[in-house]
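Notes follow once the structure below has been shown.
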Amino acid sequence: MTDPRRHPANARVAAERLRGEVAAERFTAGDLRRITVPVADLLRAPDGARDRQLLLGEAVTAYEWRHGWVFVEAARDGYVGYLPEDHLGDLPAPTQRVTARATHLYPAPDFKRRETAALSHGSLLTVSGDDGRFAETPLGFVPSAHLSSISALASDPVSVAETFLGAPYLWGGNTSFGIDCSGLVQMACLACGIACPGDSDMQEEELGTPLPEGAALQRGDLLFWSGHVAWVADAETLLHANVFRMAVAFEPLQDALKRIEAQGDGPVTSIKRLGGFT
């Protein structure tokens, strides 16, 4: 059955690649746009529930503009949904990624100036100049120490996930200002160049190689439950965004296994290993 979360079609319009597969009034290849706000909620319907979040500079394909809303498909994982039209624009292709937990945009290369926005880890920027302290972008100035080249990938997704330690839990969140379990996995994977879908059921299906029950765990393995996922930080410790702590936190593995099963979410459904990153 087609998963509507990654099916770029609604009652009026569909992606050109779906012609012959679905019924729609109009088919279109769509237009490339980029997120122009620090954080954009990707909604299930106009004014609907948040499914995921997109960050400044990320690319989407825009299929329909209607009543102030845009039906889009996210470039990073194919997730579809709706964004306010003023969250999109024509920013140039990004050259740098925010690798700090968070940073600020300034109107001038001066940290004493009042900032204009806060940006999360993973935000994408186009840098036109850098004096060694501040990088200049079309939107303002960012501390150079908080950026890395978009081509410079991290090698350890758990280390990236540790960047979010203490970030508050937020359903559907993908930022250091609020993140959920699958968001933590996705942001860590993307920073390492690992293609990763947005929700934990998709991640369980698509990421890594299954390990047998009782296999020795190692850093970078993923544990899945029904509706939850956690990183293995070491053989005795998990790292996950969880409602119990309402934050990204470490938790002893055995404590987590007992607690999650006791609260009614069942046992671990699978263990997956990401090749080449552990």
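The values are calculated or read from the model by the stated rules, or taken from the named source; none is laboratory data. Nothing here was measured: the structure is a model prediction, and the numbers come from that model. A quick note on method: Cβ atoms are made from the backbone with ideal geometry, for glycine too, and the neighbour counts reach across all protein chains shown.
Residue by residue, here is whether (1) closer than 25 Å to residue 150 by Cα; (2) among the basic types (Lys, Arg); (3) buried (at least 18 other Cβ atoms within 10 Å of the Cβ) holds:
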residue	(1), (2), (3)
175	yes, no, yes
179	yes, no, yes
193	yes, no, no
196	yes, no, yes
205	no, no, no
209	no, no, no
233	no, no, yes
244	no, no, no
251	no, no, yes
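Let's see how each residue does on (1) surrounded by fewer than 18 Cβ atoms within 10 Å (Cβ to Cβ); (2) touching a Phe, Trp or Tyr at 6+ places or on another chain (Cβ under 9 Å); (3) not assigned by TED's automatic domain parsing to the domain that holds residue 64:
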position	(1), (2), (3)
111	yes, yes, yes
118	yes, yes, yes
126	no, no, yes
130	yes, no, yes
141	no, yes, yes
164	no, no, yes
171	yes, no, yes
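Has the stretch 95-102 got any residue that is of a type in the set (S, T, N, Q), within 20 Å of the chain's Cα centre (by Cα), assigned to a strand (DSSP E or B) and closer than 18 Å to residue 172 by Cα? Spell out how you get there, then give the answer.
Start the filter on the stretch 95-102 by keeping residues that are of a type in the set (S, T, N, Q), which leaves 95-96, 99.
Restricting the remaining residues to those that are within 20 Å of the chain's Cα centre (by Cα) gives 95-96, 99.
After this cut, where a residue has to be assigned to a strand (DSSP E or B) as well, the list is 96.
Now drop any that are not closer than 18 Å to residue 172 by Cα, which leaves none.
Scanning the stretch 95-102 turns up no residue that is of a type in the set (S, T, N, Q), within 20 Å of the chain's Cα centre (by Cα), assigned to a strand (DSSP E or B) and closer than 18 Å to residue 172 by Cα.
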So residue 32 clears everything in (1) farther than 24 Å from residue 151 by Cα; (2) out of contact with any Phe, Trp or Tyr (no Cβ under 8 Å at 6 or more places or on another chain) except one condition, right? Which one?
(1)
I'd like the full set of residues that are of a type outside the set (Val, Ile, Thr), over 17 Å from the mean Cα position of the chain (by Cα) and crowded, with 20+ Cβ neighbours inside 10 Å, limited to the stretch 65-86.
71
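Take the stretch 254-278 and flag every residue that is within 18 Å of residue 204 (Cβ to Cβ) and of a type outside the set (Val, Ile, Thr). Break it down into steps so the answer makes sense when it comes.
Initial filter on the stretch 254-278 (within 18 Å of residue 204 (Cβ to Cβ)): 256-257, 260-261, 265-275, 277-278.
Once the filter is applied, which keeps residues that are within 18 Å of residue 204 (Cβ to Cβ) and of a type outside the set (Val, Ile, Thr), the stretch 254-278 yields 256, 257, 261, 265, 266, 267, 270, 272, 273, 274, 275, 277.
So if I check each of 135, 188, which one is touching a helix residue (DSSP H, G or I) at 6+ places or on another chain (Cβ under 8 Å), more than 22 Å from residue 53 (Cα to Cα) and not basic (Lys, Arg)? First the steps, then the outcome.
Working: 188 fails: more than 22 Å from residue 53 (Cα to Cα).
From the options 135, 188, the qualifying one is 135.
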Taking the options 159, 149, name whichever one is within 17 Å of the chain's Cα centre (by Cα), within 28 Å of residue 195 (Cβ to Cβ) and surrounded by fewer than 22 Cβ atoms within 10 Å (Cβ to Cβ).
159
Taking residue 11 and the conditions (1) assigned to a loop (DSSP other than H, G, I, E, B); (2) in contact (Cβ under 8 Å) with a residue 24 or more places away in the chain, which numbered condition does it fall short on, given that it satisfies the others?
(2)
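Quick check on my filter: what residues within the stretch 19-43 are surrounded by 15 or more Cβ atoms within 10 Å (Cβ to Cβ) and closer than 27 Å to residue 190 by Cα? Quick ask: steps written out before the conclusion?
In the first step, residues of the stretch 19-43 are kept if they are surrounded by 15 or more Cβ atoms within 10 Å (Cβ to Cβ); the result is 24, 27-28, 30, 33-43.
Scanning the stretch 19-43 gives 30, 33, 34, 35, 36, 37, 38, 39, 40, 41, 42, 43.
Mind telling me which of the residues 54, 32, 42 ends up being of a type outside the set (Asp, Glu), closer than 30 Å to residue 116 by Cβ and touching a helix residue (DSSP H, G or I) at 6+ places or on another chain (Cβ under 9 Å)? Give the derivation first.
Numbers: 32 fails: touching a helix residue (DSSP H, G or I) at 6+ places or on another chain (Cβ under 9 Å); 42 fails: touching a helix residue (DSSP H, G or I) at 6+ places or on another chain (Cβ under 9 Å).
54 is the lone residue from the list that is of a type outside the set (Asp, Glu), closer than 30 Å to residue 116 by Cβ and touching a helix residue (DSSP H, G or I) at 6+ places or on another chain (Cβ under 9 Å).
With a cut-off of at least 2 residues that are touching an Asp or Glu at 6+ places or on another chain (Cβ under 9 Å), name the strands (runs of 3 or more DSSP E) lying wholly within the stretch 130-236.
Details: elements: 134-137, 140-143, 147-149, 222-225, 228-234.
Correct list: 134-137, 140-143, 222-225, 228-234.
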